[in-house]
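For reference, the structure discussed in these notes is given below.
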Amino acid sequence: VQLQASGGGLVQPGGSLRLSCAASGSIFSIMGWYRQAPGKQRELVADISSGGSTNYADSVKGRFTISRDNAKNTVYLQMNSLKAEDTAVYYCRTVVVRGGMVYWGKGTQVTVSS
């Protein structure tokens, strides 16, 4: 299984970014995004099932939207109205249907600063 994440960067407060994570090598049930800020534990941002059911952290509800393209095994995270506290390394996470193994992608840095 390989995960290729992209889309991080530097953005001003109130701006937007879109993260993408392309997975290959298996069939995936849950796909999602976690983040880890300096000195803090890694936390769930949002995830989505193969059927489209979504789950969001309270801190991003109404600002972030997760989606996926099952044909491309790709999950997206549209981040709007970004705040300084959204600054973190964002990690893609997938769960394989067969066996339930969890895989993590390399992180992508998101920095929200003026």
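The values are calculated or read from the model by the stated rules, or taken from the named source; none is laboratory data. Since we're looking at a predicted model, the values are computed, not measured. Glycine also receives a Cβ, built like all others from the backbone with ideal geometry; neighbour counts cover every protein chain displayed. Side chains included, ligands, DNA and RNA excluded: accessible areas come from the protein's heavy atoms. Shrake-Rupley method; radii C 1.70, N 1.55, O 1.52, S 1.80 Å.
Some observations on this one:
- Gaussian network model of the chain, springs between alpha carbon atoms under 10 Å - residue of 63, 42, 98 with greatest fluctuation: 98
- Sum of side-chain charges, residue 3 neighbourhood, beta-carbon under 9 Å (Lys, Arg +1; Asp, Glu -1): +2
- Overall Cα dimensions of the chain - principal axes, largest extent first, Å: 44, 25, 21
- Nonlocal amide H pairs with residue 64, under 5 Å, H built at 1.01 Å: 80
- What the phi angles of the stretch 43-49 give under the Karplus curve with 6.51, -1.76 and 1.60, with θ = phi - 60°, is a coupling list of 9, 5, 9, 6, 9, 8, 7 Hz, glycine and proline written as x.
- Per residue, the stretch 8-114 exposes an accessible area of 53 Å² to a 1.4 Å probe, with every protein chain left in place.
- Restriction of the chymotrypsin sites (Phe, Trp or Tyr not before Pro) in the stretch 1-91 to DSSP coil positions whose beta-carbon has at most 11 other beta-carbons within 10 angstrom yields no sites.
- For the chain, relative contact order (Cα pairs under 8 Å, six or more residues apart, normalised by length) works out to 36 percent.
- Accessible surface of the stretch 11-114, 1.4 Å probe, proportion on carbon and sulfur as whole %: 48 percent
- Candidate lysines - alpha carbon under 22 Å from residue 61, same-chain residues fewer than 8 apart omitted: 40, 83
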